[in-house]
Protein chains: 2
Amino acid sequence: MAEKLPDPLERLIHELSRLPTIGKKSAQRLAFHLLKAPDQRARELASALVDVRERLRFCRQCGFIAEGDLCSICTDERRDSTLFSVVEEPFDVLALERGGAFKGLYHVLMGRLSPLQGITPDDLQIASLLARIDASKTTESPVREVILATNPNVDGDATALYLSRLITSRGISCTRLGLGLAVGSSLEFADELTLRQALDSRRALEKPMP
Amino acid sequence: MAEKLPDPLERLIHELSRLPTIGKKSAQRLAFHLLKAPDQRARELASALVDVRERLRFCRQCGFIAEGDLCSICTDERRDSTLFSVVEEPFDVLALERGGAFKGLYHVLMGRLSPLQGITPDDLQIASLLARIDASKTTESPVREVILATNPNVDGDATALYLSRLITSRGISCTRLGLGLAVGSSLEFADELTLRQALDSRRALEKPMP
């Protein structure tokens, strides 16, 4: 580029372009927009960013967003603590909650197995999932079923298959969200009815061992 | 949504979704990403946002980004001050500068005429453009040509036509970026060669009055 932009603008464009799905050109457009918008707009966004990091964390138990130690789902006594739904990301919890059909608890993996990207089981919240399941066995409400709600694509399939072996070997029923989700799509963008269908038609991956 | 998100997260999603081209779902995804990313990432973005608003402004003369009163193009004495290029937005200056083919000065309209959106000539930097042209007449380097580099779409065409009448009535040659730009597309995303072609093949909209 013949004309060098002022440093603060270059920096903002750089920071924006590090966000997912935002390329260099989009970042440039957003930065110019923020420069042109009323002054408080950029400040409100900046303070919202800092606020989120200061006031929120991930639930110690399930990995969803929490204001305190535990999230509002884990502390809700009306939820069925014998039924788990395993999702890849915190926003996948929102997708399932939108439908309102699932009444159990969640476990967020914080990603998916991906040999190509070098993401192994150790990088995901798998040990903590198994620990939760094992710990429940000595309580009054042991986990009876784990619904694998990973995305219906290659990585999500591999992750579900890997988890189903670990979970069924513990004698616990393990199902996957049923047909209804388009192959190769993303859970986050599914509509509520499709998700409800998928919950209803969930199927076993492997029979629990005797 | 059955599950209400914590306020700080709702606020960040709301602020992000007010940005152009970012819808509710994208905003949600970005917010979750920022929550999951290392702590300094959100802070760096926040500080870049505040920094841009504190340290940058629009050039008093042409409307491009400036750190001081005037931008680096307006203060560059090697630029041809008898040739103006009129663009809609500050980022359009970048698009033309990338090619390096234009050596004159700019004038940013800060938008385009759009009857449907209620944007009239008074909302744009048109009076200041005419004032610059008129003021140059009494100097040693009067403006000799104005290149209208508005986007090649309906609003950009209307804006160019409106401006060409005002400019040619002042006895100044007025051209428009030539063919080479795809109709209905956006200047910002044109490649450098296409822009260079368009500069070379610029054509008069109306003959200057005698």
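Only the coordinates and a few stated rules stand behind these numbers; no lab work does. In this text the structure is predicted, and so the values were computed from the model without any measurement. Glycine gets a Cβ as well: all are built from the backbone with ideal geometry, and neighbour counts include every protein chain shown.
The chymotrypsin sites (Phe, Trp or Tyr not before Pro) of the range A:105-198 include none that meets both conditions, a loop assignment by DSSP and at most 15 other Cβ atoms within 10 Å of the site Cβ. Here is how far apart the B:Arg144 label points are across copies: 8.9 nm, shortest first, using a point 7 Å from Cα toward Cβ.
Over the protein assembly as shown, DSSP H runs of length four or greater, each weighted -39,500 (n - 2.57), average out per residue to a 222 nm ellipticity of -12500 deg cm²/dmol.
Considering only B:Ala131, B:Val86, B:Gln117, and ranking their Cα positions along the charge dipole of chain B that arises from unit charges at the beta-carbon of Lys, Arg, Asp and Glu, the one farthest toward the positive end is B:Gln117.
With 0.36 nm allotted per residue and the present C-alpha distance subtracted, the A:Ile119-A:Arg170 stretch has 15.9 nm of extension available. Within 10 Å of the Cβ of each residue in A:88-95, the mean number of Cβ atoms contributed by other protein chains is 4. Within the range B:1-150, DSSP assigns beta bridges of which about 25% are antiparallel (rounded to the nearest 5). In terms of the Cα gyration tensor, with a ≥ b ≥ c the square roots of its eigenvalues, is the range A:65-204 rounded because a/c is under 1.5, prolate because a/b exceeds b/c, or oblate? Taking the square roots of the gyration eigenvalues as a ≥ b ≥ c, the range A:65-204 is rounded.
Which shape class, rounded, prolate or oblate, goes with the range A:7-55 when its Cα gyration tensor gives a ≥ b ≥ c as root eigenvalues, a/c under 1.5 marks rounded, and past that a/b bigger than b/c marks prolate?
Details: a/c = 2.07, a/b = 1.27, b/c = 1.62.
In terms of gyration-tensor shape, oblate.
With an 8 Å Cα cut-off and a minimum separation of 6 or more residues, compute the relative contact order for chain B in percent.
Working: 304 pairs, mean separation 31.1, N = 210.
Computed value for chain B: 15 percent relative contact order.
Taking the Cα centre of the protein assembly as shown as reference, the dipole from Cβ charges on Lys and Arg (+1) and Asp and Glu (-1) amounts to some 400 debye.
Could you work out the local net charge near B:Leu109, counting Lys and Arg as +1, Asp and Glu as -1, over the other residues with Cβ closer than 10 Å to its Cβ? It would help to have the intermediate numbers written out before the result.
Numbers: positive: B:Arg112; negative: B:Glu88, B:Glu89, B:Asp92, B:Asp123.
The answer is -3.
Under 1.5 on a/c is rounded, so check that first for the range A:63-109, then, if it is not, pick prolate when a/b is larger than b/c and oblate when it is not; a ≥ b ≥ c are the square roots of the alpha carbon gyration tensor eigenvalues. Rounded, because the longest to shortest axis ratio a/c is under 1.5.
Just checking the output field for A:50-61: average partner chain Cβ neighbours within 10 Å of each residue's Cβ?
Values: counts 8, 7, 14, 12, 4, 4, 8, 1, 2, 0, 0, 0.
Neighbouring Cβ atoms belonging to other protein chains average 5 per residue here.
Taking 1.567 mPa s as the viscosity and 4 °C as the temperature, the Stokes-Einstein diffusion coefficient of the protein assembly as shown based on its alpha-carbon Kirkwood radius rounds to 52 µm²/s. In chain B, the beta-carbon sitting nearest the axis that superposes B on A belongs to the residue given here with its distance in angstrom, B:Ala46, 2.
Inter-copy label distances at A:Asp200, using a point 7 Å along Cα-to-Cβ, come to 6.4 nm with the shortest given first.
Using a 10 Å cut-off on Cβ atoms, rank the peptides B:39-49, B:135-145 from the highest mean neighbour count down.
Numbers: B:39-49: 18.6, B:135-145: 13.0.
Highest to lowest by the protection proxy: B:39-49, B:135-145.
When +1 charges are put on Lys and Arg Cβ atoms and -1 charges on Asp and Glu Cβ atoms, the dipole computed for the range B:22-113 relative to its Cα centre reaches about 560 debye. In a DSSP loop and with at most 15 other Cβ atoms within 10 Å, the trypsin sites (Lys or Arg not before Pro) in the range A:1-32 are A:Lys4, A:Arg18. Summing charges over all other residues whose Cβ lies under 9 Å from the Cβ of B:Thr159, with Lys and Arg as +1 and Asp and Glu as -1, gives -2. Among the listed pairs A:Lys36/B:Lys137; A:Lys36/B:Lys24; A:Lys103/B:Lys4, a Cα-Cα separation exceeding 20 Å is found for A:Lys36/B:Lys137; A:Lys36/B:Lys24.
With its label point defined 7 Å out from Cα along the Cα-to-Cβ axis, A:Ile119 lies at 4.0 nm from the matching points of the other copies, in increasing order. For B:Glu10 and A:Thr75, the FRET efficiency from 1/(1 + (r/R0)^6), where r spans their Cβ atoms and R0 equals 22 Å, is about 0.70. Between B:Leu30, B:Leu83, B:Leu161, the GNM of chain B built on Cα springs shorter than 10 angstrom shows B:Leu30 fluctuating the most. Calculated FRET efficiency, A:Ala131 to A:Arg55, Cβ-Cβ distance, R0 = 25 Å: about 0.35 to the nearest 0.05.
Secondary structure note: in the range B:69-204, about 20% of the DSSP beta bridges are antiparallel. Annotation: amide H-H contacts under 5 Å for B:Val86 (H modelled 1.01 Å from N, sequence separation of 5 or more, or interchain): B:His107, B:Ile147, B:Leu148, B:Ala149.
Annotation for the range A:1-103: chymotrypsin sites (Phe, Trp or Tyr not before Pro) lying in DSSP loop with at most 11 further Cβ atoms inside 10 Å of their Cβ do not exist.
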